């Protein structure tokens, strides 16, 4: 994890992009369906959802949740130090169990009452998720994906931007934040560490080699204030899993504006799940999702009472219906021997808009796969 302050970002240099990676960047930045009929003052509504495991993992923690602290006496004084415990959660991806362990970011924040700067521990949440998605959107719209060589980290995929354009993109997406909040969120994304490990189904232990162990933004570079523009040039590199998915061409187009308008983390998770898994969505056809399966797979619900968990899921489906992702959502309760509700089936039908968006995404995937075949054939012919 590297964090630099410089005037002209001298420690990060652009690496010449080789042919195949340039082809991947061009494909990633080429969206399908952004025609004049759906382009508004906010621009076209599309972006790319990158990497199934990365998107699926519950790495953005719900804010406002009370979390236990560890108290430890300082070795240098009688002061009691308080540390936030790591966030540990199990989830299921592609029918395999995984464990996510997250270490909170330790940042400095001024106490609003005393005015004294103090250390606080924060997990990335809704705000940080919005900022990560906005940066991917900027990378696509402004063709900003770059390969950088950052000290000992090797070649990394990232984006160069300034704070004003990031703030503007967030405001266009109804997720406005102050510049101070954006800077703090970038610091959280840079310092909060995640480790995703597959759990052995034989004995329940985690495998020795994690799928990923890194911060969400392993490298963050902030230039000094430009007095003429009153802005700072900034560069971040994306998490290795996200970067790896771009290199492997594992992404899927989706409606970015709809996603950013969703106000609950669980609703956003369900939305991304539908984008990746309900590829054949069509009008009049339904899909059934079970509440207990959502609880197990998402890792985002830890309520004690089952009925509270079910109510939270129900609110998420109502939000998806309100934003025209779903045309309807019917419920069927499943009861146990004593009449208690033990599960709920959500029978959902897609909206006309969602069906059209999925067809556009399917067309994009077909073009990517065709390009992959053409490029593979060209390389084979060159080697002969």
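The values are calculated or read from the model by the stated rules, or taken from the named source; none is laboratory data. No experiment lies behind these values; they were computed from the predicted model shown. Glycine gets a Cβ as well: all are built from the backbone with ideal geometry, and neighbour counts include every protein chain shown.
Can you tell which of 281, 361, 311 is buried (at least 16 other Cβ atoms within 10 Å of the Cβ) and outside any loop (DSSP other than H, G, I, E, B)? Spell out the reasoning first.
On the way: 281 fails: outside any loop (DSSP other than H, G, I, E, B); 311 fails: buried (at least 16 other Cβ atoms within 10 Å of the Cβ).
Checking each option against the conditions leaves just 361.
Take segment 296-308 and flag every residue that is surrounded by 15 or more Cβ atoms within 10 Å (Cβ to Cβ) and either farther than 19 Å from residue 93 by Cβ or modelled with pLDDT of 95 or more (or both). Outline the logic, then answer.
Just the residues of segment 296-308 that are surrounded by 15 or more Cβ atoms within 10 Å (Cβ to Cβ), to begin with: 297-301, 306.
Hit for segment 296-308 is 306, nothing else.
So if I check each of 115, 64, 125, which one is at pLDDT below 90 and either within 30 Å of residue 168 (Cβ to Cβ) or in contact with a helix residue (DSSP H, G or I) (Cβ under 8 Å, 6 or more places away or on another chain) (or both)? Please lay out each step first, then the result.
Details: 115 fails: either within 30 Å of residue 168 (Cβ to Cβ) or in contact with a helix residue (DSSP H, G or I) (Cβ under 8 Å, 6 or more places away or on another chain) (or both); 125 fails: at pLDDT below 90.
Among 115, 64, 125, only 64 is at pLDDT below 90 and either within 30 Å of residue 168 (Cβ to Cβ) or in contact with a helix residue (DSSP H, G or I) (Cβ under 8 Å, 6 or more places away or on another chain) (or both).
Among (1) surrounded by 16 or more Cβ atoms within 10 Å (Cβ to Cβ); (2) more than 19 Å from residue 129 (Cβ to Cβ), where does residue 256 come up short?
Unmet for residue 256, out of (1) surrounded by 16 or more Cβ atoms within 10 Å (Cβ to Cβ); (2) more than 19 Å from residue 129 (Cβ to Cβ): (2).
Residue-wise test of (1) farther than 18 Å from residue 157 by Cα; (2) touching a strand residue (DSSP E or B) at 6+ places or on another chain (Cβ under 6 Å); (3) surrounded by fewer than 13 Cβ atoms within 10 Å (Cβ to Cβ).
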site	(1), (2), (3)
183	yes, no, no
187	yes, yes, no
192	yes, yes, no
207	yes, yes, yes
214	no, no, no
219	no, yes, no
222	no, yes, no
226	yes, no, yes
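Please determine, by comparing only the residues of segment 196-216 that are within 15 Å of the chain's Cα centre (by Cα) and either part of a strand (DSSP E or B) or without any contact (Cβ under 8 Å) to a residue 60 or more places away in the chain (or both), which one is nearest to residue 133 (Cα to Cα).
215
Give all pairs with beta carbons closer than 7 Å in which a residue from segment 364-383 that is within 20 Å of residue 47 (Cα to Cα) meets a residue that is part of a helix (DSSP H, G or I); count only pairs at least 6 apart in sequence or on separate chains.
Filtered contacts from segment 364-383: 368/27; 371/27.
Residue check: is residue 324 on the phi > 0 side of the Ramachandran plot and touching a helix residue (DSSP H, G or I) at 6+ places or on another chain (Cβ under 9 Å)?
On the way: on the phi > 0 side of the Ramachandran plot: yes; touching a helix residue (DSSP H, G or I) at 6+ places or on another chain (Cβ under 9 Å): yes.
Answer is yes for this residue.
Among (1) in contact (Cβ under 8 Å) with a residue 60 or more places away in the chain; (2) in a loop (DSSP other than H, G, I, E, B); (3) not assigned by TED's automatic domain parsing to the domain that holds residue 87, which single condition is residue 229 missing?
(3)
With the structure loaded, tell me whether residue 98 is more than 16 Å from the chain's Cα centre (by Cα) and buried (at least 22 other Cβ atoms within 10 Å of the Cβ) or whether it fails that test. I'd like the intermediate steps shown before the answer.
Numbers: more than 16 Å from the chain's Cα centre (by Cα): yes; buried (at least 22 other Cβ atoms within 10 Å of the Cβ): yes.
So residue 98 fits the description; yes.
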